[in-house]
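Since every read-out is calculated from the coordinates, none of them should be taken as a lab result. For clarity, every value in this text was computed on a predicted model and none was experimentally measured. Positions of Cβ are backbone-derived with ideal geometry, glycine not excepted, and every protein chain shown enters the neighbour counts.
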Amino acid sequence: MKLDYSLVSRRTFLNTLFGGWLIAVASGGIYAFLRFIFPTVGKEPDFLVLNKADFLDIPTNTVKAFAWGGKPGFFLKKDDGTMLALKGVCTHMECNISYRPDVKKFYCACHKGWFDDNGRNVEGPPPKPLESFDIVITGQKLVIAKKGAKFDLPKA
Amino acid sequence: MISRRLEGWIGERYDIEGLRRILRAKYVPSHRFEASYFTGGLTLFLLVIQFLTGMGLALYYIPHSEYAHKSIVDIMTKLNMGWFFRSLHHWGAQLTIASLFIHFFANLLLKAYRKPRELLWVTGFIMIAVLVFFGLSGYFLIWDQRAFTAVRVATGGAGSLPLIGGPIKIFLRGGIDVTQETLTRFYAFHVSVLPMISLIIIGLHVLLVQVHGMSVPISQKDREGRPQPFFPNVFYKDLIVWLLGIGVLVTLAVIFPAAIGMKADPMAPAPENIKPEWYFLFLFQTLKLFPGRISVFNGETIAITVISLAVLFVFLVPFLDKRSSAGKPSPVFTYIAVSYLVYFVAMTVIGFLD
């Protein structure tokens with residue numbers, strides 16, 4: 001029914017009113033719910049402080065693992081004594097890799113990917129080299145840091 | 001006598017005779033491809049077994065990264081018949097998915113998706129996604145090395161989708177890594193979200209089957225035999241198929257009880273010769289076909305995109321296959337269906353032997 005002096009019929013008015021609150025509540029609710037179910041994301045560490053003694057004295061051509069966030073990292077001492085730190089996660093499908101001292105390469109068992117002892121992807125599906133970290137030795141501490149990350153050590 | 005009275009009692013409150021009339025009026029076409037009609041019923045029956053065994057397992061399983069693995073070992077070794085019900089659930093999952101794939105390919109080849117059954121296709125397609133995700137999430141709950149790596153690869157693979165990949169990966173994992181957060185999420189998906197979605201979608205699917213009746217393949221339109229009454233003729237045949245299904249299931253569960261590997265360690269290298277569940281093998285093999293880099297693009301992203309487009313095509317088949325919707329033979333889509341089937345089987349076999 002539409003009154004002569006009214007712009008809309010009662011039905012249109014009610015439909016707009018009820019439709020309006022349904023849409024308003026639903027969109028607000030859905031937005032809030034989406035915000036809730038998407039997790040607040042942590043991040044990988046920028047750097048890691050380890051004990052120098054635990055790592056520098058390992059035999060050549062071996063690795064020692066450290067925890068980089070929730071993933072493995074590898075500290076590698078090559079035959080010539082040079083050292084490097086790499087993230088132990090394959091760049092293809094994120095499987096954890098292992099070091100093969102016999103061939104001096106890192107190996108990923110998931111899809112048979114190989115990385116040389118510089119972390120370069122040399123065989124199989126990995127699209128890019130392993131992520132490598134900066135190594136800084138200060139005092140008794142060994143700092144492993146994301147490339148280019150700035151860090152401040154607490155003064156001992 | 002007592003059943004008569006009970007029937008009378010209910011009859012005064014609900015029109016049972018009406019239900020009987022519907023059942024008596026339900027007829028099923030009869031032709032040389034009628035065997036395909038039993039694949040859906042078998043899938044449904046196996047799903048019911050999954051629901052029942054799953055409810056049992058949920059009474060004992062502990063969804064925490066410290067205890068999950070041990071709770072499964074306890075189910076297998078300490079509980080009365082625990083090994084049996086977990087094995088039923090394990091093999092039931094394999095058979096349900098196998099049965100669903102057969103149902104899917106049969107209807108793809110027979111073009112049961114054509115007008116007016118597009119919505120049956122859409123709901124069935126959603127059920128494939130739901131069941132595969134059921135498989136992945138359930139498999140992860142055992143929290144062993146293989147499951148852990150598989151879920152990292154699968155969620156990472158989803159992360160390779162352009163644009164939407166990142167948020168999907170974070171959403172599935174509950175963070176940047178596969179952790180306890182992921183276990184909590186997958187548990188929630190497996191025992192709450194997916195069962196609810198399944199009930200709704202299967203309800204719609206079965207309702208639509210009742211509305212439209214069974215689809216008769218185009219080639220059989222003029223060669224149909226006499227339609228058979230659903231009750232009891234076709235229903236008894238359904239029961240035979242179900243009996244065979246449960247026979248195979250129990251045999252597998254008893255002879256090959258479900259295994260469990262070493263407890264997952266996020267720091268340990270991926271186990272050697274790792275392979276995903278068989279229904280992921282064709283994806284796994286497809287990913288292997290793509291090199292790491294294709295000119296300036298990431299090979300993985302291209303692979304995942306190609307796979308997604310191929311899946312999207314299947315989803316849209318009822319809307320693309322205009323000829324069969326008009327009731328005419330549609331050989332192009334037969335060839336496409338056959339090539340999908342051949343590709344799926346071949347890649348699964350290659351992946352299995354590799």
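Summary of computed values
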item	result
Residue-averaged beta-carbon neighbours from other chains (10 angstrom radius) around B:297-309	1
Fewest-first sequence of B:T179, B:T77 by Cβ atoms within 10 Å of each Cβ	B:T77, B:T179
Virtual spin-label span in nm between B:L199 and B:I2, 7 Å along Cα→Cβ	3.0 nm
Residues in the stretch A:127-156 reached by a label modelled at A:A53 [backbone nitrogen below 18 Å; 7 Å Cα→Cβ]	A:137-143, A:156
Test item: Cα-centred dipole of the protein assembly as shown, Lys/Arg +1 and Asp/Glu -1 on Cβ, debye	1200 debye
Paramagnetic reach from B:R293 in the stretch A:79-98 [backbone N under 15 Å; point 7 Å along Cα→Cβ]	A:91-92
Candidate aspartates and glutamates for bridging to B:K26, where Cα separation is under 19 Å - those fewer than 8 sequence places away on the same chain excluded	B:D15, B:E17, B:E34, B:E224, B:D238
C-alpha center-to-center spacing [the stretch A:71-97, the stretch B:252-318] in angstrom	24 Å
Local electrostatic count at B:K322 - Lys and Arg +1, Asp and Glu -1, tallied over other residues with Cβ under 10 Å	+3
Options B:P227, A:T40, B:I62, ranked by Cα towards positive dipole end of the protein assembly as shown, top entry (Cβ charges)	B:P227
Crossing angle, helix B:145-158 versus chain B [Cα axis fit, 0-90 degrees, rounded to tens]	80 degrees
Theoretical FRET efficiency, 1/(1+(r/R0)^6), r = Cβ-Cβ of A:V25 and B:A188, R0 30 Å, to 0.05	0.75
Which of B:I260, B:V206, B:L110, positive extreme of dipole for the stretch B:31-267 (C-beta unit charges)	B:L110
Cut-off 14 Å (backbone N to label point 7 Å along Cα→Cβ of A:Q140), residues of the stretch A:38-80	A:50-55
Spin-label pair B:V342/B:K78, simplified geometry with 7 Å Cα→Cβ offset, distance in nm	5.4 nm
Net charge of neighbours whose Cβ lies under 14 Å from the Cβ of A:P39, counting Lys and Arg as +1 and Asp and Glu as -1	+3
Spin-label pair B:E181/B:S308, simplified geometry with 7 Å Cα→Cβ offset, distance in nm	2.2 nm
For chain B, calculated [θ]222 nm from helices alone, where every DSSP H run of n ≥ 4 adds -39500 (n - 2.57)	-22000 deg cm²/dmol
Theoretical gain in end-to-end length, A:K147 to A:D80 [0.36 nm per residue, Cα-Cα removed]	21.8 nm
Förster-model FRET efficiency, 25 Å R0, B:H212 and B:T334, C-beta, rounded to 0.05	0.70
Relative exposure of B:M347, B:M127, A:M83, judged by other C-beta atoms within 10 Å (fewest first)	A:M83, B:M347, B:M127
Cβ charges +1 (Lys, Arg) and -1 (Asp, Glu), total dipole of the stretch A:47-146, debye	160 debye
Furthest towards positive pole of dipole, A:G148, A:I135, A:G124, structure part chain A, Cβ charges	A:G148
Fewest-first ranking of B:L44, A:L3, using other Cβ atoms within 10 Å as the exposure measure	A:L3, B:L44
